[in-house]
Each structure stands twice: as structure tokens, then as C-alpha cells.
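Asks: Let me give you the structure first, and then I'll get to my questions.
Read-outs throughout are calculated quantities, based only on the coordinates presented, and are distinct from any laboratory measurement. For clarity, every value in this text was computed on a predicted model and none was experimentally measured. Reconstructed Cβ throughout: ideal geometry from the backbone, glycine too, with neighbour counts over all protein chains shown.
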Amino acid sequence: MGLDAIARREAAQHTRGWVDARRAGTSRFYAEHITRSMWTYLQALLRDLRGKRVLDYGCGTGEAFAQLVKAGADRVVGIDVSPDMIEEAQERIARASLSDKAEARVMDCHALQFPDGSFDVVLGISILHHLGVESACREIARVLAPGGWALFVEPIGLNPLINWYRRSTPAYRSPDERPLVLSDFRTMEEYFRVWPRFFVFSVLLAALPGLRRLAAPLRTLDSILLRIPGLRLLAWMVVLKLELPRAPRLEQPRR
């Protein structure tokens, strides 16, 4: 399956109306009750971006721009393959008077139109699992400056029950997206040092009728369970911090 074909299909499907319809009635509930710990952790990692050049990779409608600028980013560039999404992002920039700090461009994430080392930080929310992971990693590593790092929030595809739910609800996803699997983690390790933190396991029970009140204790339980190496791969979501490897240390000449 060609990457250009994937990009065209994703651009055609990811319109503002389709995303709103897909997420209606679920996004707020999950953010408040299911994934709260994950978003708190992500925000802590993005608290200080002073002087950083940030690439919002798959920016959608630019919802993160204001937060990134508030965290001190010197420049924020958002890219997305969907012209519809980028139009909304540009309108958001104008409404928030962020034009001196932020911009949004239509661009294929597999083929970034930036020179090497253009950014200090790359951020992506639920984007890698729409892409060819190796091509994406290669481009991300290329545009990161020395000492740069990337941060991604992605679904994992190793839990049979969660995968059953995904197969049962195809309307919630685009045809080309698939959750990350072990081979994707190995691909990332070819380009980066990978620091994962796993979220959302037992707390998914709080999505069942009558169990919402258990969300807080189940999140606490997850903070324990998802530290267990074998069990954590059954989580629903992962936050990935990807760091460029340090240059290899040269051997000192023998005397």
C-alpha cells in the first residue's frame, strides 16, 4: 500500500464534520474519566517549551497551538494532510492573534518540507498509527535538531478485548489507521531512544453503565498495574517520548 495513497485517503476522510461526528458524545467523557491521568502527564512534559521551535505533527484544527505558545514556544508550525483541517487551524490562529508565533500548512507527514534540524520538539496526538511508521520516524529524526525530542500519544493494538471493540466499531476509525504493535516500537528504536509510559487498562470498566463512579480508583489501580512489564503492553494508550541518540563516544587513543 503506497504512502501517497494513504495520505490521499486520510486527507479526503479527515474533514471537520467527520471528526466531529466520530467523537460526538465520547471525547469529553473519556478526557474527564478515562484518560485524565494520561493528559495530566502529557501536559507536565510540555510545561516548559521556552525558546523551542515546535512542530505540531498532524495538528488537525490546531487545538494545541495556544497551549504550546503559552508554554513558551518561540515558534509553532502545525502540519496536516487535510486542507479542511488546516483551514480551520489558520482561522484559529487568526482568532487567537497568534500569527507572530504560529502557522499551519498542508503537508504530508511522510515527506516533511523542512530543512534538517528545523525543530527542537515534535508533538503528535494520535497520528503515528495513521502513517507508515518507518517513514514517519525517518522524517521526524531528520527535522529534529541535535538534542531534540518528540512526544506522541498513540493507541496500542496488543489487547485482544480492545481489538475486538475496534473491529466492532469501524465507523470510529479511518480505513488506514491501525494501533501500534511491537514491530512499530522496534522501528522507533532504530531512530530514537524510546521512553514509553502506558495508560488506560482497568479504568476502561468505568465506561460501562453504572461504573463511572469507579473511574478515580481504577486510574489509581492502573498506575500500579501498568508498571508490570508484561501487563503494560495490554494498555489502550501509550505516551512516547522519543529522543535522538547521543553521538557515539569516541575511544580515547591508547598510550
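Asks: About its Cα centre, what dipole magnitude does segment 3-237 give when the only charges are +1 on Lys and Arg Cβ and -1 on Asp and Glu Cβ, stated in debye to the nearest 20?
Replies: Working: 31 positive and 27 negative charges, 200 e Å.
Taking the Cα centre of segment 3-237 as origin, the dipole is about 960 debye.
Asks: Follow-up question, since we're still on this one. Using a cut-off of under 18 Å, list every residue of segment 35-50 whose amide N is near the label point 7 Å from the Cα of K241 along the Cα-to-beta-carbon line.
Replies: 37-50
Asks: A follow-up question, please. Note down the nm distance, to one decimal, between modelled labels 7 Å out along Cα→Cβ at D116 and at Q67.
Replies: 3.3 nm
Asks: Pick out, from H130, V181, H33, the residue whose Cα sits farthest towards the positive end of the charge dipole of segment 3-237, with +1 on the Cβ of Lys and Arg and -1 on the Cβ of Asp and Glu.
Replies: Final value for the positive-end residue is H33.
Asks: Compute the distance from the alpha-carbon center of segment 150-172 to that of segment 70-87, in whole Å.
Replies: Cα centroid to Cα centroid, the span is 25 Å.
Asks: Can you check what the net charge comes to around D184, using other residues whose Cβ is under 15 Å from the Cβ of D184 (Lys, Arg +1; Asp, Glu -1)?
Replies: Values: positive: R138, R178, R186; negative: E134, E154, D176, E177, E189, E190.
Here the charged neighbours net out to -3.
Asks: Also, I was wondering about something else. Roughly speaking, what is the centre-to-centre gap between segment 35-56 and segment 98-133 when only Cα atoms are used, to the nearest Å?
Replies: 16 Å
Asks: Still on this structure, please answer the following. To make sure I understand the rule: partners must be lysines, Cα under 17 Å from the Cα of K70, and not fewer than 8 residues away in the same chain. Which ones qualify?
Replies: Excluding near neighbours in sequence, the set is K52, K101.
Asks: What does the charge count around A73 come to, taking other residues whose C-beta lies under 13 Å from its C-beta (Lys +1, Arg +1, Asp -1, Glu -1)?
Replies: Numbers: positive: R47, R50, K52, R53, K70, R75, K101; negative: D48, D56, D74, D100, E103, D120.
Result for the local shell: +1.
Asks: Another question, then. If I take R0 = 22 Å and measure r between the Cβ atoms of E32 and I224 in this structure, what FRET efficiency does the formula 1/(1 + (r/R0)^6) give, to the nearest 0.05? Spell out each step's value before the answer.
Replies: Numbers: r = 22 Å, r/R0 = 0.99.
So, using R0 = 22 Å, E works out to roughly 0.50.
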